[in-house]
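Only one structure is covered here, and it is reproduced in the block below.
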Amino acid sequence: MATGLGLESLVDQTISVITNDGRNIVGVLRGFDQATNLILDESHERVYSTKEGVQQLVLGLYIIRGDNISVVGELDEDLDSNLDMSKLRAHPLKPVNEKMIKLVLN
């Protein structure tokens, strides 16, 4: 996960955040703090399914607690705008649990 100076370069950029509970939230990074709490504007959650297209739930201005973030990444807006979300199928992400964290840290 990008922290400190890494996040500074993403301010005012569209980012994708994967949370520990398996959610994918996309929005414009407006700010962050030393605990990696993120403030996203114009945000939405992408809900994936194997049976129907990606649902996009509007969240608007949204704060994500730093301790609930697994991955932060810059979103390629040109590539993303060419995707037909109604045709995408995927398994929803599973939540991160203590066992997974121990595997990664060891």
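The simple spin-label model puts a point 7 Å past each Cα toward its Cβ; for Arg65 and Ala35 those points are separated by 0.8 nm.
Modelled label positions at Glu77 and Ser49, each set 7 Å beyond Cα in the direction of Cβ, lie 2.9 nm from each other. Can you show me the helix-derived [θ] at 222 nm for the chain, built from DSSP H runs with n ≥ 4 at -39,500 (n - 2.57) apiece and divided by the number of residues, rounded to the nearest 500. Result for the chain: -3500 deg cm²/dmol, rounded to the nearest 500.
Computed with a 1.4 Å probe over protein heavy atoms only, the accessible surface of the chain comes to 66 Å² per residue.
Taking the highest mean first, how do the peptides 40-50, 23-33 order by number of other beta carbon atoms within 10 angstrom per residue?
Numbers: 40-50: 16.2, 23-33: 17.9.
The peptides rank, most packed first, as 23-33, 40-50.
Counting only protein heavy atoms and a 1.4 Å probe, tell me what percentage of the chain's accessible area is made up of carbon and sulfur. After summing per-atom areas, the C and S share lands at 53 percent. Computed 3J(HN,Hα) for the range 6-21, one whole-Hz value per residue from the Karplus formula 6.51 cos²θ - 1.76 cosθ + 1.60 where θ = phi - 60°, is x, 6, 4, 6, 9, 4, 6, 10, 7, 10, 10, 10, 9, 8, 4, 8, glycine and proline marked x.
Other residues whose C-beta falls under 15 angstrom from the C-beta of Leu88 contribute a net charge of 0, scoring Lys and Arg +1 and Asp and Glu -1.
The values are calculated or read from the model by the stated rules, or taken from the named source; none is laboratory data. Predicted model, so just to flag it, every value in this text is computed and none were measured. Backbone-built Cβ (ideal geometry, glycine too); neighbour counts: all protein chains shown. These area figures cover heavy atoms from the full protein model, side chains too; ligands, DNA and RNA do not enter into them. Shrake-Rupley method; radii C 1.70, N 1.55, O 1.52, S 1.80 Å.
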